[in-house]
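Down below is the structure, laid out as structure tokens.
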Amino acid sequence: MMSEAEKYIKLVELTRAGDYEAYGELYELTVMDVYRTVRFLIHDSSDGEDLVQEIYIQAYRSLERYDSERAFRPWLMGVTMRQVRSYRRRRLTQFRFSKRMEKSDTGLEYDFSGDLINKLANRPLLEQVHRLPYKLQQAITLHYLNEYTQEEISCILEIPLGTVKSRIHAALTKLRQNQKLNLGIRGKVEDLHESR
């Protein structure tokens, strides 16, 4: 029986040979991990769905350069992270452009409804993770949400293993500090209510 890694390699080989059904099977086997990662890093669900499609288009185009000595899933997650980074750059450019347009008083208004819905839908821990710097979000998402090893994350993000470890450590430290701060504030508020 074929291992999961061997199955991915076989599907890649079939896809390279022109078998579109094989790529469809690769998609089905991996789309939940990719979507979950994108959804966690990109807060707009409609943009997230479009981005997942872009990721699979880019992955298909890049399959010729894929080295079958590497594990497929971490390779695909590397494609995912590069596409997310590209998306974030595009969004930043669009944001800057819209701010310039606002200053020129063209009557454009920013729609906050999507941001509000996302804020209401998130749980407190997810909100704290979303407040982390993006590089820390990436490490936490890959390690805890997708359960990649630190070595795999190093390959996915194309950074040294020590950097991965320090990012995970820094993220956990910040989350713990925020948790202590929130508990301290909540305790003070409860004390105020009890003293009345």
When the Karplus curve 6.51 cos²θ - 1.76 cosθ + 1.60 is applied with θ = phi - 60°, which whole-Hz ³J(HN,Hα) does each residue of segment 77-85 get, with x for Gly and Pro?
-> 5, x, 4, 4, 5, 5, 5, 5, 4
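Starting from the Cα-Cα distance between Q179 and M1, subtract it from 0.36 nm times their residue separation and give me the gain in nm to one decimal. List each step's numbers first, then the result.
Working: separation 178, 0.36 × 178 = 64.08 nm, distance 4.66 nm.
Separation in residues times 0.36 nm, less the Cα-Cα distance, equals 59.4 nm.
Under a Cβ-only charge scheme (Lys and Arg +1, Asp and Glu -1), can you give me the dipole magnitude of segment 1-89 about the Cα centre, in debye to the nearest 20?
Charge dipole, segment 1-89, about its Cα centre: 460 debye, nearest 20.
Using r as the Cβ-Cβ distance of L172 and Y20, and R0 as 45 Å, what FRET efficiency do you calculate, to the nearest 0.05?
Working: r = 43 Å, r/R0 = 0.95.
Given R0 = 45 Å and the Cβ-Cβ separation, E is 0.60.
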When the scattering of segment 1-89 is computed by the Debye formula from its Cα atoms alone, each counted once and equally, what is log10 I(q)/I(0) at q = 0.20, 0.26 Å⁻¹?
-> -0.91, -1.38
The extension gain from S86 to L145, computed as 0.36 nm times the residue separation minus the Cα-Cα distance, is 19.1 nm
Efficiency of FRET between H130 and Y60 - r from beta-carbon atoms, R0 45 angstrom, step 0.05 = 0.90
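No lab work stands behind these numbers, since they all come straight from the coordinates. What you see is a predicted model; the values in this text were computed from it and never measured. A quick note on method: Cβ atoms are made from the backbone with ideal geometry, for glycine too, and the neighbour counts reach across all protein chains shown.
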